1. Among the numbered criteria (1) within 20 Å of the chain's Cα centre (by Cα); (2) buried (at least 20 other Cβ atoms within 10 Å of the Cβ); (3) of a type in the set (Ser, Thr, Tyr), which one does Thr361 miss?
2. Taking the range 227-276, which residues are of a type in the set (Gly, Ala, Ser) and assigned to a loop (DSSP other than H, G, I, E, B)?
3. Filter the range 144-175 down to the residues that are in a strand (DSSP E or B) and either within 14 Å of the chain's Cα centre (by Cα) or in the same structural domain as Thr388 (by the TED database) (or both) and list them by number.
4. Take the conditions under 30 Å from Trp360 (Cα atoms), at pLDDT below 95, crowded, with 24+ Cβ neighbours inside 10 Å and of a type outside the set (Phe, Trp, Tyr) and apply them to Gly276. Does it pass?
5. Answer yes or no as to whether Arg398 is farther than 16 Å from His131 by Cα, among the basic types (Lys, Arg) and open to solvent by 70 Å² or more (accessible area, probe 1.4 Å).
6. Could you please tell me which pairs satisfy a Cβ distance under 6 Å, a separation of 6+ or placement on different chains, a first residue in the range 368-384 that is free of Cβ contacts under 8 Å to residues at least 24 places away in the same chain, and a second residue that is surrounded by fewer than 19 Cβ atoms within 10 Å (Cβ to Cβ)?
7. For the range 77-94: of the residues being open to solvent by 40 Å² or more (accessible area, probe 1.4 Å) and of a type in the set (A, V, I, L, M, F, W, C), which is modelled with the lowest pLDDT?
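The values are calculated or read from the model by the stated rules, or taken from the named source; none is laboratory data. Quick caveat, the model's predicted, so the values are computed rather than measured. Glycine also receives a Cβ, built like all others from the backbone with ideal geometry; neighbour counts cover every protein chain displayed. Protein only, heavy atoms only, side chains kept; ligands, DNA and RNA dropped before computing areas. Shrake-Rupley method; radii C 1.70, N 1.55, O 1.52, S 1.80 Å.
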Amino acid sequence: YPMVDKHLAMVMAYDTVLGLGVKTKQDPAAVAIRDSESYLRQALERVAKEDPSVMQKYAPEPLEEGDDATGGSGAAGKQATLALMMPTYVRVNTLAPRTTVEGVLAYFKKRERGARDEDPNFVPTVKQDVHLPQVLVLPPRTDLHKSTLMRQGAVVVQDKASCVPATVLFDRVPIVKPEGSMYNGRLRRVVDACAAPGNKTTQLAALGAEANPKEGTRVIACEMDGRRAETLRQRVESLHAKDTVTVVEGDFTQLDNKYRSRADGLLVDPSCSASGMVKRIDVTASTSTGEEQERRVEQLARMQEKLLTSALTCFPKAQRVVYSTCSVHERENEAVVRAVLANEEIAGVWALANIMPATWTTRGLASEGDDAPPTQYCIRCDPRADKTSGFFVACFDRIASAAPAAAAAKEDNGAAASAEAAPAAASAPAEEHEEEEVEAAPVAAKKAAAPPVTFDDEDDEDDNGAQQAPPPRRGRKVNRVEFSSDSDE
């Protein structure tokens, strides 16, 4: 190492392993420390494994209701620390040719063998997630932009919390269904109500292909904004989902009856405050006042209630509806669930399913009162406890005893609920985890057949700041990786 002040070297080592990194390319000491990042990280992991209390000094204070990524109560520092300590999550895209979870895991582990042979104290860094079978866990700040697997669409860097809703919809985690549940686990047509940029959409397609190996599950992906719909089409194509995904540029509440009458599952992940997104710099840097935030959250929650109500009342054959947000606010989460279940069209027709009751400890906030819905059946994702972004997931199952009444409902009832929801969606200061929605375009149930677009930085991230694979370049052959290969480039 070049000669350098000991204290300055410690600061640069901290920034390299636990901070935002050392950016300079001029200082030889900084370059040497940055080049040693993997060794320093492994050394820290060995120390933490022997004495977990060592890391307590770096652990942020827990998040509270008024302490979110929007900057309230000095939360920005807590959020930044949480983001730096959070693992990188990779979802294996089984839609890609010859791609399996076992194969991708073996591929990553083989790449570790050389490091293990050189260092007997090497700590394994890749493992399968304990809750979600298609998700792999990598060290914090792992950069996979140049990975061959990313270029081929075999893996998607997607936050663990973002992977939960689709997994719940397809019953791929332990779920206790309510008495009389009509859910049979064989979803043939699924509506992704707020689809762009497309990570959850393609995950739905992958899970549907596994649930229905012969014909797959048709996914209707709805997006109102034309530019985001174009991004969605490109994402669907690059992640090998175009055969089973239909992109509809329009409001899902205004879907044509041919879609509404046949859909048996819905994922409703509407625009929200994004208060749980610890990796979103634009959220953590927000300067909005508490009063402004409260007003915005209230407007968003009213829009969310209308959209969820439409999902539960306008699709007569729906068996299951999953509602999720990347918010930590009760008003956008449990309060929305309580309000919707109090609707006379929904009460007695839909009931909450209990998500991972024995394996997921961060539960929804319980409701007070004997007649209150069991919102503890929902789950929350806590950045500190669960090492993923703040999230909320609720699962609604249709009750069999109410099926005849639901089937007899008139189509114009659904149209009325849709008409009420559409203006709210357009007027709310909504943020689909990335950017504001715009006024709904006319519904066009068109299959993806769009010219290629160039991904800019904004469109190259999902709701968790996830790194995304660009679409294949036309005229250039991309060699497919063999999972036994030692090279990732």
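1. Unmet for Thr361, out of (1) within 20 Å of the chain's Cα centre (by Cα); (2) buried (at least 20 other Cβ atoms within 10 Å of the Cβ); (3) of a type in the set (Ser, Thr, Tyr): (2).
2. Across the range 227-276, the qualifying residues are Ala241, Gly250, Ser261, Ala263, Ser271, Ser273, Ala274, Ser275, Gly276.
3. Across the range 144-175, the qualifying residues are Val156, Val157, Ile175.
4. Yes: the conditions hold for Gly276.
5. Values: farther than 16 Å from His131 by Cα: yes; among the basic types (Lys, Arg): yes; open to solvent by 70 Å² or more (accessible area, probe 1.4 Å): no.
In short, no.
6. Gln376/Arg363; Gln376/Ala366
7. Selected residue: Ala80.
Rundown of residues vs (1) modelled with pLDDT under 95; (2) open to solvent by less than 80 Å² (accessible area, probe 1.4 Å), yes/no style:
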residue: Val126; (1), (2): yes, yes
residue: His145; (1), (2): yes, no
residue: Arg151; (1), (2): yes, no
residue: Val157; (1), (2): yes, yes
residue: Ala166; (1), (2): no, yes
residue: Leu169; (1), (2): no, yes
residue: Val173; (1), (2): no, yes
residue: Arg186; (1), (2): yes, no
